[in-house]
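Notes follow once the structure below has been shown.
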There are 2 protein chains.
Amino acid sequence: MNLATDTRTRIIAAAKPRFHSRSYANVGIQEICESAGVQKGSFYHFFPSKRDLVLAVIDEFADDWANGFVAEAFDPALPPMERIDYLVDAAYFWQKSIKQVHGRMLGCIFGNLTLEVSTQDDILRAKLLAIFSRAKSRFKDTLEEAVAAGTIAPLDADRTAEAMLAYLEGVILLAKSQNDPEVIYRLGPAIKTLRIEASGG
Amino acid sequence: MNLATDTRTRIIAAAKPRFHSRSYANVGIQEICESAGVQKGSFYHFFPSKRDLVLAVIDEFADDWANGFVAEAFDPALPPMERIDYLVDAAYFWQKSIKQVHGRMLGCIFGNLTLEVSTQDDILRAKLLAIFSRAKSRFKDTLEEAVAAGTIAPLDADRTAEAMLAYLEGVILLAKSQNDPEVIYRLGPAIKTLRIEASGG
DNA sequence: CTTGCATTTTACCGAACGGTCAACTAGTAT
DNA sequence: ATACTAGTTGACCGTTCGGTAAAATGCAAG
């Protein structure tokens, strides 16, 4: 059972950087198996299909984030709006370090996959949507706390949270198009200028 | 020559909706040829490679936009900031009509392709980057005009333009993840709240 | 010692991939 | 009439795709 778990783990570990740096369609199962030192038959013992693999990969990336930068950024000890700054900074430094190692800016794997597969696979789309929903909730809670603390004027926290998430994804997209993480540094802080007013009371 | 031009045109016409609704890697040349009623050998008479086809497809989409909604939106007769509203509205209505016909929100082809291929093909990335650069310039000119007219307070027009473009792409990404163009309607107008202050005078 | 189960190996499937090639057709210019 | 050229055809290349099936292996419980 230890070995088995290890095989599954190795498959996911081999798949993660590949899906991140290329695309879903462009990474083959054979390549993943070779890199993980696993036979293809073994692969299909653990994953019914390629889609199930990418589902597991998405979960791992989400966990990495949740336990890493996101946990640091949304630290209740920080003043609410500083958490948002922290998150943007984290995205910047992460992309920058990836570029230093890999030579390219890889962007956000959730955004990448969303644009590639969400018209073709509703299960994948739903999974990605759930990730974005959680992210939005973090922003929303933070905004509500900031309003309660009087740090910012009252607003529609739900919509503004969604807008901020959109902006962050858009900034990373533009940065990827320039292969330059400095775009995040340049544009990221403006996330706090986004506002959607509360409607009707 | 008329017939030849027609073949090339038919190939591009067949390719456009496919690249838009699926992805670069997921659309094969064979499928495009079948849909266009063209033999594969004929395809390679007009396009040296698949990449050259998608380059031509990108150009056509860019022309469609430039001659369509963009020309309407950035009408000098409109007050500057209303042009930005117009563009967001245009994106909304376009995505909505695509969804009505196609059943799905397809998003922005430039954003889609950027996230899919820009780590794998620098020529495609450069082409996409050029498209984004032009879009940014439109925003920038508009912002400068608005500042000159006193409609908005002075700001860093270049960076704010880039931020607005990023936001628009991000909103479309999020809308695609929900397969719901209403996201654009909901979040789009907040584009005007984005501001990056001019640095150092 | 044996049964049973999880895991692994190996060979294989049909289909699709991007791209090539030589032969052929048709129109045009000399 | 002939030569040249743009366009078209259809067969073909080797490779890779996601996925399957059966046999072999290892291990643990009865």
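Other chains near A:97-106: what is the mean number of their Cβ atoms within 10 Å of each residue's Cβ? Before the final figure, lay out the partial values.
Values: counts 0, 0, 0, 0, 0, 1, 1, 5, 2, 3.
The shielding value for this peptide is 1.
Relative contact order of the stretch A:1-150: 24 percent, from C-alpha pairs under 8 Å at least 6 residues apart in sequence. When the surface is traced with a 1.4 Å probe over the full set of protein chains, B:R125 keeps roughly 40 Å² accessible.
What number, rounded to the nearest 500 deg cm²/dmol, is the helix-based mean residue ellipticity at 222 nm of chain B, given -39500 (n - 2.57) per DSSP H run of at least four residues and division by all its residues?
Working: 10 runs with 144 residues, N = 201.
Helix contribution divided over all residues of chain B: -23000 deg cm²/dmol.
When a/c reaches 1.5 or more, the comparison of a/b and b/c decides; with that in mind, is the protein assembly as shown rounded, prolate or oblate per its Cα gyration tensor? Because a/c hits 1.5 or more and a/b fails to exceed b/c, the protein assembly as shown counts as oblate. Once the C-beta distance of B:H102 and A:A149 is scaled by a Förster radius of 51 Å, the resulting FRET efficiency is 0.65 to the nearest 0.05.
Only protein atoms count toward the accessible area here, which uses a 1.4 Å probe; on the stretch A:68-193, the carbon and sulfur part of that area reaches 55 percent. Applied to the stretch A:53-70, the Karplus parametrisation 6.51 cos²θ - 1.76 cosθ + 1.60 on θ = phi - 60° returns per-residue 3J(HN,Hα) values of 5, 5, 4, 5, 5, 4, 4, 5, 4, 4, 5, 3, 5, 4, 8, x, 4, 5 Hz, with x for Gly and Pro. Taking label points 7 Å from Cα along the Cα-to-Cβ direction, A:A130 and B:N67 give a separation of 4.6 nm. Each of A:M81, A:M105 has its accessible area taken with a 1.4 Å probe; listed largest first, they run A:M81, A:M105. Protection proxy ranking of B:160-168, A:150-158, A:18-26, B:49-57, by the mean of other Cβ atoms within 10 Å over each peptide's residues and highest first, is B:160-168, A:18-26, B:49-57, A:150-158.
Need one number: buried accessible surface between chains A and B, 1.4 Å probe, both sides summed, DNA, RNA and ligands left out, in Å² to 100.
Details: alone 10700 and 10680 Å², together 17450 Å².
Rounded to the nearest hundred, the buried surface is 3900 Å².
Let me confirm one metric for peptide B:188-200, namely the mean number of other chain beta-carbon atoms within 10 Å of its residues' beta-carbons. All intermediate terms of the calculation are to be shown ahead of the outcome.
Working: counts 2, 2, 13, 4, 1, 9, 8, 4, 5, 2, 0, 0, 0.
Mean partner shielding for this stretch: 4.
Taking 0.36 nm per residue of separation and subtracting the Cα-Cα distance, what length does fully extending A:D75 through A:D122 add?
Details: separation 47, 0.36 × 47 = 16.92 nm, distance 3.34 nm.
13.6 nm is the gain from fully extending A:D75 to A:D122.
The values are calculated or read from the model by the stated rules, or taken from the named source; none is laboratory data. Just so it is clear, the model here is predicted, and its values are computed rather than measured. No Cβ is skipped: glycine too gets one built from the backbone with ideal geometry, and neighbour counts run over all protein chains shown. Surface areas here come from the heavy atoms of the whole protein model, side chains and all, with no ligands, DNA or RNA. Shrake-Rupley method; radii C 1.70, N 1.55, O 1.52, S 1.80 Å.
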